[in-house]
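Data first, discussion second: the structure below is written as C-alpha cells.
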Amino acid sequence: MCTTRLLEGFGRFYIGLLLAFLYLPIVIMALMSFNASPFYQLPFERTTKWYADLSHNAQLLAATWNSIEIAIIATILATLLGTAASLALFRYEFAGKKLLQVLLFPPIAIPWLITGTAMLIFFFGVGIGRGLHAILLGHVALA
C-alpha cells in the first residue's frame, strides 16, 4: 500500500515536471512578448509596442486570416473525412479495404517535412501548383 502511494506520488511529480518542461518555454515567450527590448533583455520593461506594430502590418494580418481560414476548413473537412473513413473501415468489408488502411498510415509514420515536400512535388506534377488550395489539401491529408 505504501509503495503504491509512493509510486503514484512519483508519477504525479514526473507528469508535473514533464508538463512544466513542455509549457514553461511557451509561457516565458508569451511574457517576453511584452518586453520593450527587441533582444529580450532584462530587466523587463512592459510594453505593447510589438502588438501595436503587428496590428498595422497588413501582410501579417492577411497571413493570419489565411491561417485561420485554412485551420477552420481543414478541421471540418478532416473531421468529416476521418469519421467517414473510420466508420467504413470498422463497419464494412469492401474491396480495397487493406489498401486504404495502408494508404492512411504513412501520414502518421513519415515525418511531416518529408510528407510536405513530397506533396509539393506531387502538386506541381499534377498541375495543382502552390497556393491556399494546395495548403488546404495538404493539411486535410495530414489531419
Item to complete: Leaving ligands, DNA and RNA out of it, report the carbon-plus-sulfur percent of the accessible area of segment 12-143 at a 1.4 Å probe.
Response: 75 percent
Discussion item. Give me the dipole magnitude in Debye, nearest 20, for the chain about the Cα centre, with unit charges on the beta carbon: positive for Lys and Arg, negative for Asp and Glu.
Written reply: 280 debye
Worksheet item: Over the Cα atoms of the chain, Rg to Rh with Kirkwood Rh, two decimal places?
Response: 1.13
Worksheet item: Is it possible to state the helix-based mean residue ellipticity at 222 nm for the chain, with each DSSP H run of 4+ residues giving -39500 (n - 2.57), the sum divided by total residues, to the nearest 500 deg cm²/dmol? What is it?
Response: -25000 deg cm²/dmol
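The values are calculated or read from the model by the stated rules, or taken from the named source; none is laboratory data. The structure displayed is predicted, hence computed values, not measured ones. Cβ sites come from the backbone with ideal geometry, for glycine too, and all protein chains shown count toward neighbours. Accessible surface is based on the protein model in full, side chains and every heavy atom, while ligands, DNA and RNA are left aside. Shrake-Rupley method; radii C 1.70, N 1.55, O 1.52, S 1.80 Å.
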